[in-house]
1. In region 101-121, is there at least one residue being without any contact (Cβ under 8 Å) to a residue 12 or more places away in the chain and not acidic (Asp, Glu)?
2. Where in region 56-160 are there strands (runs of 3 or more DSSP E), lying fully within it, with 1 or more residues that are under 21 Å from Arg224 (Cβ atoms) and in contact with a Leu (Cβ under 8 Å, 6 or more places away or on another chain)?
3. Looking at region 221-255 only, could you name the residues that are out of contact with any strand residue (DSSP E or B) (no Cβ under 7 Å at 6 or more places or on another chain) and among the β-branched types (Val, Ile, Thr)?
4. Count, please, the residues in region 144-158 that happen to be crowded, with 16+ Cβ neighbours inside 10 Å and free of Cβ contacts under 8 Å to residues at least 12 places away in the same chain.
5. Is it the case that some residue within region 79-89 is out of contact with any His (no Cβ under 9 Å at 6 or more places or on another chain), at pLDDT 95 or above, over 18 Å from Ala167 (Cβ atoms) and surrounded by fewer than 22 Cβ atoms within 10 Å (Cβ to Cβ)?
6. Return the pairs, sorted by first residue and then second, in which the second residue is in a loop (DSSP other than H, G, I, E, B) and among the small types (Gly, Ala, Ser), the first residue lies in region 215-234 and is in the same structural domain as Ala159 (by TED's automatic domain parsing) and in contact (Cβ under 8 Å) with a residue 60 or more places away in the chain, the beta carbons are less than 7 Å apart, and the residues are 6+ apart or on different chains.
7. Kindly provide the set of residues from region 11-31 that are in contact with a helix residue (DSSP H, G or I) (Cβ under 8 Å, 6 or more places away or on another chain) and more than 17 Å from Pro116 (Cβ to Cβ), ordered by number.
8. Taking region 15-43 as the region of interest, how many residues are surrounded by fewer than 24 Cβ atoms within 10 Å (Cβ to Cβ), outside any strand (DSSP E or B) and either of a type in the set (Val, Ile, Thr) or in contact with a strand residue (DSSP E or B) (Cβ under 8 Å, 6 or more places away or on another chain) (or both)?
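The values are calculated or read from the model by the stated rules, or taken from the named source; none is laboratory data. These numbers come from a predicted model, not from an experiment. Because the Cβ atoms are built from the backbone with ideal geometry, glycine has one as well, and the counts that use them run over all protein chains shown.
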Amino acid sequence: MTPSSHPNSLHPIVVIPSRLAATRLPRKPLADIHGRPMIMHVWQRAVEADLGPVVVAAADREIADAVTAAGGHAVLTRPELASGSDRVFEAVEMIDPERRHDVVVNLQGDLPTLDPKAVRAVLRPLIDTSVDIATLVAPIADPRERDDENVVKAAVAFAGADTIGPALYFSRSPIPWGTGPTYHHIGLYAFRRTSLARFVRLAPGVLEQRERLEQLRALENGMRIAAALVDTIPIGVDTPTDLDRARDLLSPAQR
């Protein structure tokens, strides 16, 4: 997909928030995966998606230096920012004060196995101009994931054979109740630039704090989230075991 072929002539920028402070896997953005830091594998997936410029919003000079040394583009953001969304917003305001980019894709820096096609798919829900935030879901195939609190589930109202639908709630519990598919939420977002500016000004919500899910802040404040259905779930690298799995999947023999 070329920039001129985006739905509604959108002009996206991809921003990857990254910081060294992680409790379960310290310094994980710089974890080595076949000779490259993990953050650069994520950067490469975003570049391959060909949506627009790709920038790492780094909380630490060491990350910014590693990205630059590997040929990427990074900006330093204030380390004390509360969330990745805040870091993305600060970065895009610094690098695009002319507001040439009207959509900001927030891509987590711990998804090195993400399919570039999924990055492109996150723009599809923004065809509907009433949607503030777009995201992705995939069907849960492993029943154990339904009850795993580390797997975030999304209640999405897909009508018939549609692959885009309104995301009505997110939870660490299995939702919705009853017969039918359960969807794994993939933490990748496309914000309209104006929606991101509104979102970062909102106070943390009651449900957000209870579920520990930032996206519920948007729903609590009447913002519309829609999800596109994809068929692959990337590995989120949070532990040494996850890192080993990512290394296996990204080994030259597997690619």
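1. Step one: filter region 101-121 for residues without any contact (Cβ under 8 Å) to a residue 12 or more places away in the chain, giving none.
No, region 101-121 has no match at all.
2. Values: elements: 74-76, 103-107, 133-139, 153-156.
Because the criterion is at least 1 residues that are under 21 Å from Arg224 (Cβ atoms) and in contact with a Leu (Cβ under 8 Å, 6 or more places away or on another chain), the strands (runs of 3 or more DSSP E) in region 56-160 that meet it are 103-107, 133-139, 153-156.
3. Answer for region 221-255, where residues must be out of contact with any strand residue (DSSP E or B) (no Cβ under 7 Å at 6 or more places or on another chain) and among the β-branched types (Val, Ile, Thr): Ile235, Val237, Thr239, Thr241.
4. Of the residues in region 144-158, the ones crowded, with 16+ Cβ neighbours inside 10 Å are 151-156, 158.
Now drop any that are not free of Cβ contacts under 8 Å to residues at least 12 places away in the same chain, which leaves none.
Result for region 144-158: 0.
5. The answer is yes; a qualifying residue exists.
6. The qualifying pairs are Arg224/Ser130.
7. His11, Pro17, Ser18, Arg19, Leu20, Ala22, Leu25, Lys28, Pro29, Leu30, Ala31
8. Residues flagged as surrounded by fewer than 24 Cβ atoms within 10 Å (Cβ to Cβ), outside any strand (DSSP E or B) and either of a type in the set (Val, Ile, Thr) or in contact with a strand residue (DSSP E or B) (Cβ under 8 Å, 6 or more places away or on another chain) (or both) within region 15-43 amount to 5.
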